[in-house]
1. Filter region 286-300 down to the residues that are modelled with pLDDT of 90 or more and within 14 Å of the chain's Cα centre (by Cα), then identify the one that is farthest from residue 251 (Cα to Cα).
2. Restricting the search to region 128-150, which residues are aromatic (Phe, Trp, Tyr), over 24 Å from the mean Cα position of the chain (by Cα) and part of a strand (DSSP E or B)?
3. So, residue 145, is that one farther than 30 Å from residue 227 by Cβ, buried (at least 20 other Cβ atoms within 10 Å of the Cβ) and at pLDDT below 90 or not?
4. Can you find a residue that is among the β-branched types (Val, Ile, Thr) and either over 25 Å from residue 244 (Cβ atoms) or at pLDDT 85 or above (or both) anywhere in region 107-119?
5. Among the listed residues 323, 374, which satisfies the condition of being at pLDDT 95 or above and surrounded by 14 or more Cβ atoms within 10 Å (Cβ to Cβ)?
6. Any residue at all in region 262-277 that is assigned to a loop (DSSP other than H, G, I, E, B) and at pLDDT 85 or above?
7. Considering only region 293-337, state which residues are of a type in the set (Val, Ile, Thr) and closer than 16 Å to residue 352 by Cβ.
8. Hand me the list of strands (runs of 3 or more DSSP E) wholly inside region 1-65 holding 1 or more residues that are surrounded by fewer than 14 Cβ atoms within 10 Å (Cβ to Cβ) and at pLDDT below 75.
Amino acid sequence: MHEITFASADRPKGLTHLSILLGKLNLDIKEVHALSTTDGYFLDIFIVVGWDHKETQQLEEALDREFHSYKVQFRIVETLVQMHSTSSCWPPELAGKQCQTNSQGNHIEIPKDNTDEWEINFKALTFKDKVASGTYGDLYRGTYFGEDVAIKVLKSNRLNENMEKEFAHEIYIMRKIRHKNIVRFLGACTKPKTLCIVTEFMRNGSVYDFLHKRKGSFKLPGLLKAAMDVSKGMDYLHQNGIIHRDLKTANLLLDEHELIKVADFGVARVKAESGVMTAETGTYRWMAPEVIEHKPYDTKADVFSFGIVLWELLTGKIPYEFLTPLQAAIGVVQEGIRPVIPRGTHPKLAQLLEKCWQKNPVNRPDFTEILLMLNEITEEVSMDPHKPHREKEKGSVFFSFGKGH
């Protein structure tokens, strides 16, 4: 498996070119992510499989030849083999070896604003099971002075200056927000070799896993409650000038009381004074068209993503499941495709979906308006004599398992 990053100094228009280019090399695209750097580069990151040769240098040369043949002015920033997670030395105690880092200081510098103390002593953390593993970090379940916590640790072998800046920014955002529908930030370790963020542990995992791995489903009252939980958290973020930028069911977590909380602020940003931003990130299946196209965007990009999340809660399906992420992105931008709303959907819920994923961000509601619409639908559902609030099904009033869509 390889990770390939393409960079452009101006707004790229090459999604189609890139997919064709990688296809010519018989590479199968597994994941695609888009973002930008603080020095003005636009990045498209592809996770691919299918390169049969051991030498990465041969892949770089093949890509370089294809670039020139298409006359697309992209620069290869790096091509890295994504090794198994055992290559990580996070946390050092678990790997049993010394971590290497390019960091020069004793701490990562976090912007100061006279808020409360949040630095955590790494030795006070106890690591248990690894919950998830990604390209740049791992997530562990652990304890901190007896409390169950989630510990997100950065892989030291992937650390660089930009990664450290992103880490600092995530802490800066998380320590400033407190809301019942936002995952609670407990603290962080900012010493190089032990960079980690500690939050409350959400026992029931992500909404994505609930829907797609455990085959759970939301009854209509539960769907509306879930949508309101997400909307309340997002409304709070937007009221405080924060754009999440990667809203999707994998970043929505369930606690033991069936409360949904918004998580993962690794790519969140404080809104610019103009209210418009141009940095790109997110996951293509949930991403707004203006973000895919690297155009300026604002909080309404999160609203588009929420529309896709709401459809996912309704159907239990992965958005554009028969398309690759890149095909979905191209379809959303060039052909205006959107998920198909099932027949029999509550008319006002269908109307809300369509409003959220309007192409023009100006025509999308904000989360304050979305909450009003959801409350209105909830009242109608609770008063409908033909649809009792409490179905006589196995499971809770809000959730059930197995096929039920």
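The values are calculated or read from the model by the stated rules, or taken from the named source; none is laboratory data. Remember, predicted model here, so these are calculated numbers, not experimental data. Backbone-built Cβ (ideal geometry, glycine too); neighbour counts: all protein chains shown.
1. The extreme case among them is 288.
2. From region 128-150, those aromatic (Phe, Trp, Tyr) are 136, 140, 144-145; that's our starting set.
Now restrict to residues that are over 24 Å from the mean Cα position of the chain (by Cα): 144-145.
Across region 128-150, the qualifying residue is only 144.
3. Working: farther than 30 Å from residue 227 by Cβ: yes; buried (at least 20 other Cβ atoms within 10 Å of the Cβ): no; at pLDDT below 90: yes.
Against the criterion (farther than 30 Å from residue 227 by Cβ, buried (at least 20 other Cβ atoms within 10 Å of the Cβ) and at pLDDT below 90), residue 145 does not qualify.
4. Residues of region 107-119 that are among the β-branched types (Val, Ile, Thr), as a first pass: 108, 110, 115.
Narrowing further to those that are either over 25 Å from residue 244 (Cβ atoms) or at pLDDT 85 or above (or both): none.
No, region 107-119 contains no residue that is among the β-branched types (Val, Ile, Thr) and either over 25 Å from residue 244 (Cβ atoms) or at pLDDT 85 or above (or both).
5. Values: 323 fails: at pLDDT 95 or above.
None of the others qualify; the one that does is 374.
6. Step one: filter region 262-277 for residues assigned to a loop (DSSP other than H, G, I, E, B), giving 263-268, 271-276.
After this cut, where a residue has to be at pLDDT 85 or above as well, the list is 263.
The answer is yes, given that some residue of region 262-277 is assigned to a loop (DSSP other than H, G, I, E, B) and at pLDDT 85 or above.
7. Looking only at region 293-337, we keep the residues that are of a type in the set (Val, Ile, Thr), and these are 299, 303, 308-309, 315, 318, 324, 330, 332-333, 337.
Across region 293-337, the qualifying residues are 303, 308, 309, 315.
8. Values: elements: 2-8, 28-36, 42-49.
In region 1-65, 28-36 are the strands (runs of 3 or more DSSP E) which contain 1 or more residues that are surrounded by fewer than 14 Cβ atoms within 10 Å (Cβ to Cβ) and at pLDDT below 75.
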